Amino acid sequence: MARRSEDLDLMTASPGTSRRLAVHRYGDAGARPKAYLQASLHADELPGGLVLHHLMARLDDADVAGEIVIVPAANPIGFGQQILGEHAGRYEATTGVNFNRSYPDLGAQVLERLAGRLGPDAATNVALIRAAMVEVLDDLTPTREIDQLKLALVRLAIDADIVLDLHCDLEAELHLFLSPELWPAGRDLAAELGAVATLLALDSGGGSFDEVFSLPWHKVRARFGGADVPVPPACLSGTVELRGQADIDDRTATADAAALFRFLQRRGLIAGDAGPEPALAHDATPLTACDVIRSPAAGILVFKQTLGAEVVAGDLVAEVLDPMAPPGTPRTEIRTQTTGRLFSRARTRLARPGGSVAKVRGTEPLPDRTGYLLED
């Protein structure tokens with residue numbers, strides 16, 4: 001399959017500098033289904049770029065039936081943020097904005113454009129909704145480089161049937177974030193990748209990239225949908241967390257790329273037999289049931305549970321040692337409030353008050369998990 005590559009230039013943020021966004025396309029423009037995959041929106045999260053490198057090598061020799069768009073380095077701004085020898089790719093240095101937060105909420109303006117226009121045919125409704133989303137984007141004019149980058153990424157993916165944003169955690173096992181309206185339809189993705197956790201939230205509160213493509217369908221359905229006006233969730237949009245930041249090697253990335261290739265085959269984008277679908281590692285659970293464990297004190301973080309451990313509510317997860325205190329001084333204990341799998345841990349071992357140190361996949365919603373559900 002011939003690959004078509006292009007560069008999208010970003011506005012000049014300072015004299016003498018320029019940045020570009022590399023975009024690679026497979027299949028015929030406008031063909032269905034369409035999939036969009038990007039990596040390193042948080043520019044210091046690099047496993048996804050290697051996975052897409054190996055996926056593109058497969059696609060170069062594949063028979064693509066739909067259209068596949070790949071952006072392996074979605075954040076050229078963040079890639080350039082080397083500060084005192086450290087890569088700071090999560091937040092934009094000028095504004096402090098998280099590169100995966102505060103994406104445009106298209107819902108309200110899409111609703112305005114669709115009043116009285118939807119009818120009994122689902123395919124026609126899907127086309128009208130997608131056209132309305134494109135119209136909303138066309139009315140946006142970015143004034144900063146970061147806003148132009150965000151808008152460019154959204155425009156590339158806005159009409160896709162599948163949108164996968166590849167990230168990674170600090171130290172973690174592979175897990176996913178999806179809308180509950182995309183489950184169990186998205187279980188083939190979770191099964192193929194071997195996700196130990198699939199965390200479901202309709203609106204996580206942060207305006208993340210993946211929710212740009214899932215929330216409008218929900219809002220249109222809630223306002224106009226019904227038995228006579230079908231509004232399917234026409235975009236499988238999710239965030240894939242490819243383990244931890246240091247989990248970068250060709251063997252793992254090749255296996256992940258093969259899993260994504262098989263997933264795309266099952267979804268009708270690539271010719272060939274993907275074989276039997278693997279067993280699901282674990283059923284999806286609410287994001288509100290995930291215990292984001294935070295440190296109550298500052299000091300040296302000493303974990304008492306390994307990654308992948310099955311813990312019970314009240315179990316000791318870690319301790320914080322005050323290095324200035326004399327020997328024998330009690331350490332601050334950090335315990336989990338839920339029962340489940342410890343699938344993520346902090347990489348740095350310097351704890352700060354309120355800082356996240358671990359995450360445990362629970363099954364029952366926790367009373368303190370409301371509103372903003374993500375980490376900063």
Take Gly207 and decide whether it is in contact (Cβ under 8 Å) with a residue 40 or more places away in the chain and assigned by TED's automatic domain parsing to the domain that holds Pro276. yes
From Arg155, Arg117, residue being of a type in the set (Lys, Arg), out of contact with any strand residue (DSSP E or B) (no Cβ under 9 Å at 6 or more places or on another chain) and without any contact (Cβ under 8 Å) to a residue 12 or more places away in the chain: Arg117
Given the residues Ser295, Ser237, which is the only one that is within 30 Å of Thr329 (Cα to Cα), crowded, with 21+ Cβ neighbours inside 10 Å and either of a type in the set (Ser, Thr, Tyr) or modelled with pLDDT of 95 or more (or both)? Ser295
The range 28-51 - residue that is of a type in the set (Gly, Ala, Ser) and in a loop (DSSP other than H, G, I, E, B) and, of those, surrounded by the most Cβ atoms within 10 Å (Cβ to Cβ): Ser40
Hey, can you tell me all the residues within the range 5-41 that are closer than 13 Å to Val64 by Cα and over 25 Å from the mean Cα position of the chain (by Cα)? Asp28
Strands (runs of 3 or more DSSP E) completely within the range 267-364 that count 1 or more residues being in contact with a Cys (Cβ under 8 Å, 6 or more places away or on another chain): 356-361
Looking at the range 231-239, can you tell me whether even one residue there is farther than 24 Å from Arg347 by Cβ, touching a strand residue (DSSP E or B) at 6+ places or on another chain (Cβ under 9 Å) and in a strand (DSSP E or B)? yes
Give the residue that is modelled with the lowest pLDDT, with candidates limited to residues of the range 183-219 that are in a loop (DSSP other than H, G, I, E, B), under 19 Å from Gly371 (Cα atoms) and touching a strand residue (DSSP E or B) at 6+ places or on another chain (Cβ under 9 Å). Gly206
Among the candidates Val51, Val64, Val126, Val23, residue that is in contact with an Asp or Glu (Cβ under 8 Å, 6 or more places away or on another chain), of a type in the set (Val, Ile, Thr) and farther than 14 Å from Leu149 by Cα: Val51
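The values are calculated or read from the model by the stated rules, or taken from the named source; none is laboratory data. Keep in mind it's a predicted model, so treat the numbers as computed, not measured. Cβ coordinates were reconstructed from backbone atoms using ideal geometry, including for glycine residues, and neighbour counts include every protein chain displayed.
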